[in-house]
1. Need the failing condition index for Ala213 against (1) closer than 17 Å to Gly71 by Cα; (2) free of Cβ contacts under 8 Å to residues at least 40 places away in the same chain; (3) crowded, with 21+ Cβ neighbours inside 10 Å, just the number.
2. Residues Thr263, Thr205: which one is surrounded by fewer than 16 Cβ atoms within 10 Å (Cβ to Cβ) and either among the hydroxyl-bearing types (Ser, Thr, Tyr) or without any contact (Cβ under 8 Å) to a residue 60 or more places away in the chain (or both)?
3. Which residues, counting only those in region 134-146, are over 21 Å from Asn120 (Cβ atoms) and surrounded by 11 or more Cβ atoms within 10 Å (Cβ to Cβ)?
4. Here are some conditions: (1) within 15 Å of the chain's Cα centre (by Cα); (2) free of Cβ contacts under 8 Å to residues at least 60 places away in the same chain. Leu256 meets all but one. Which one does it not meet?
5. Could we say that Ile233 is of a type in the set (A, V, I, L, M, F, W, C) and free of Cβ contacts under 8 Å to residues at least 40 places away in the same chain here?
6. Whether any residue in region 214-230 is in contact with a helix residue (DSSP H, G or I) (Cβ under 7 Å, 6 or more places away or on another chain), under 22 Å from Phe139 (Cα atoms) and of a type outside the set (Lys, Arg) is what I want to check.
7. Of all residues in region 147-202 being in contact with a Ser or Thr (Cβ under 8 Å, 6 or more places away or on another chain) and without any contact (Cβ under 8 Å) to a residue 24 or more places away in the chain, which is surrounded by the most Cβ atoms within 10 Å (Cβ to Cβ)?
8. Take the conditions buried (at least 17 other Cβ atoms within 10 Å of the Cβ) and farther than 22 Å from Ile76 by Cα and apply them to Tyr38. Does it pass?
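The values are calculated or read from the model by the stated rules, or taken from the named source; none is laboratory data. Small disclaimer: the values here were computed from a predicted structure and weren't measured. Here Cβ is always computed from backbone atoms with ideal geometry, including for glycine, and neighbour counts include all displayed protein chains.
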Amino acid sequence: MCKLFLSFEYPNSKKLLKEFLKKANKEHLEYGYGIGWYNGSWKTYKCNCFHMTDSNNKKLIKDIDSKTIIGHIRNIYHENMTPEQINDELKMTNVHPFQYKEYLFMHHGDIFLEYNNDLNNYQLNQNNKEFKNIIKKIFENISPEFKKQIKGNTDSEIIFYLLLSIQKVLKQNHDEKNAIINSFHILSRMFDDYGISNSSNIIFTNNNYMVIAKIYKNNSTKILKNPKFYFDISNGILISNHKLVDEMNIFEKNTLCIIDMNTKNIEGYKL
């Protein structure tokens with residue numbers, strides 16, 4: 001599965017980012033990677049290549065002047081795919097982070113549907129009629145301005161623009177922070193209503209707030225994996241699928257953490 005990294009005002013951010021990339025190297029995650037860093041506004045770099053062979057990698061990290069860094073390394077279910085399907089997945093439009101104006105989104109995980117006596121993931125089964133019918137219903141909840149922003153073929157983009165669409169409606173009666181928090185609750189309930197199982201780790205951010213969410217909802221009769229996600233908040237915030245320092249603990253499932261980028265205040269919520 002994909003890997004996520006976040007450092008917010010955490011010591012040795014760039015050193016830990018390098019360690020994150022190094023650990024992912026051992027798993028041969030070679031299907032694209034992206035890095036975002038905040039210094040008054042978000043800057044991003046993406047490459048649909050293996051991060052350890054990217055000639056820009058070392059200079060990119062060296063030149064980052066920020067202790068607020070996010071990173072994503074992409075994996076796909078390549079064992080069951082043809083070379084043509086893999087090439088289609090390798091398009092830059094599928095590489096994280098996804099960005100719309102000041103909003104950035106990174107996703108590690110999958111959405112699933114149970115049918116034909118199996119739990120089927122979106123990446124391999126999005127063209128099946130069962131998934132098409134459900135995705136059609138989800139798209140009815142995505143604002144037209146956001147639908148046209150979806151360029152790739154990942155469930156990640158769908159989740160991102162669904163969240164933005166929900167927030168657009170909520171902001172009519174809520175402040176920005178509560179609109180963001182409530183959008184995750186609504187998304188989770190919506191997937192439950194559609195019978196979608198969701199095992200996802202998410203980083204969602206703009207210039208004011210940063211959200212880390214771990215969603216685990218099994219709406220099937222099958223076993224659903226719950227990938228490990230670690231955090232430490234002893235000195236800033238460090239998040240990763242890899243245990244990068246001894247102080248990191250397991251991030252609880254169905255938990256949301258929101259950070260005020262200006263005050264650096266941290267709040268936690270159950271989903």
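1. The failed condition is (2).
2. From the options Thr263, Thr205, the qualifying one is Thr263.
3. Within region 134-146, Asn141, Ile142, Ser143, Glu145, Phe146 qualify.
4. Of (1) within 15 Å of the chain's Cα centre (by Cα); (2) free of Cβ contacts under 8 Å to residues at least 60 places away in the same chain, only one is false for Leu256: (2).
5. yes
6. Yes, because at least one residue in region 214-230 is in contact with a helix residue (DSSP H, G or I) (Cβ under 7 Å, 6 or more places away or on another chain), under 22 Å from Phe139 (Cα atoms) and of a type outside the set (Lys, Arg).
7. Gln167
8. yes
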